[in-house]
Amino acid sequence: MISGIPEIEQLTALCSELISDASKKGLTISTAESCTGGMIAGFLTAVPGSSQVFLGGVVAYSNDLKMKALGVSADTLENYGAVSAETALEMVRGVMELTGADLSAAVTGVAGPTGGSKEKPVGHVCFAVRSSHGQEQVITCQFSGDREQVRFESVRKSLLLLRTLCSQF
């Protein structure tokens, strides 16, 4: 596992807890990532034994791939944008349908340093989690810091949301 940097050690510990809890409950996990570019999947798979829990993920950075791989509708992207609660929700539903996982998370956001707007500034990140029981949660956060900090905070938030959802099984 990756170590030596406090943020990375914290994320690794969260992943270990999540993998352990999901494994004990016989649950599987999948992810749909945009602004994190596969970091959630990377941290999860750094944990020994994660192959028993983590089914896989989709890194859908482009709108075209969000539509093709995850089933995000063109109308949603046109009306709400790629960085929106609506898009995150369609992403999580799509990855859950694709993988059949018990728990899924999706993240889309503006990591920066460019690309932000008045309505969606750098650090604006939307999350969605879903369980096979139909429980869904969608939230939006505004993180501060540089691109790396926004991405690490986005990974952390996704893992915390998955852990909370896992605890409800």
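The values are calculated or read from the model by the stated rules, or taken from the named source; none is laboratory data. Source: prediction; values computed, not measured. Because the Cβ atoms are built from the backbone with ideal geometry, glycine has one as well, and the counts that use them run over all protein chains shown. Calculation scope for accessible area: heavy atoms of the full protein, side chains included, ligands and nucleic acids excluded. Shrake-Rupley method; radii C 1.70, N 1.55, O 1.52, S 1.80 Å.
Of all positions in region 149-169, at least one carries a residue that is in contact with a Lys or Arg (Cβ under 6 Å, 6 or more places away or on another chain), under 20 Å from Ser50 (Cα atoms) and open to solvent by 60 Å² or more (accessible area, probe 1.4 Å).
Among the residues of region 120-169, those identified as touching a Gly at 6+ places or on another chain (Cβ under 9 Å) and charged (D, E, K, R) are Lys120, Asp146, Arg147, Arg151, Glu153. Using the structure shown, decide if Glu7 is farther than 30 Å from Met67 by Cα and touching a helix residue (DSSP H, G or I) at 6+ places or on another chain (Cβ under 8 Å). So Glu7 fits the description; yes. Glu119: closer than 22 Å to Phe43 by Cα, open to solvent by 70 Å² or more (accessible area, probe 1.4 Å) and of a type in the set (D, E, K, R), yes or no? The answer is no for Glu119.
Does Val83 satisfy the criteria of being under 20 Å from Leu70 (Cβ atoms), open to solvent by less than 60 Å² (accessible area, probe 1.4 Å), in contact with a Pro (Cβ under 9 Å, 6 or more places away or on another chain) and touching a residue at least 40 places away in the same chain (Cβ under 8 Å)? Criteria not met by Val83. Within the span defined as region 2-13, every residue fails to be touching a strand residue (DSSP E or B) at 6+ places or on another chain (Cβ under 8 Å), open to solvent by 20 Å² or more (accessible area, probe 1.4 Å) and not in a loop (DSSP other than H, G, I, E, B). Scanning region 86-105 for residues that are small (Gly, Ala, Ser) and over 11 Å from the mean Cα position of the chain (by Cα) returns Gly94, Gly100, Ala101.
Just one of the numbered conditions (1) open to solvent by 40 Å² or more (accessible area, probe 1.4 Å); (2) in contact with a helix residue (DSSP H, G or I) (Cβ under 7 Å, 6 or more places away or on another chain) is not true of Val47: (1). Residues in region 105-116 that are open to solvent by 50 Å² or more (accessible area, probe 1.4 Å) and touching an Asp or Glu at 6+ places or on another chain (Cβ under 8 Å): Pro113 alone.
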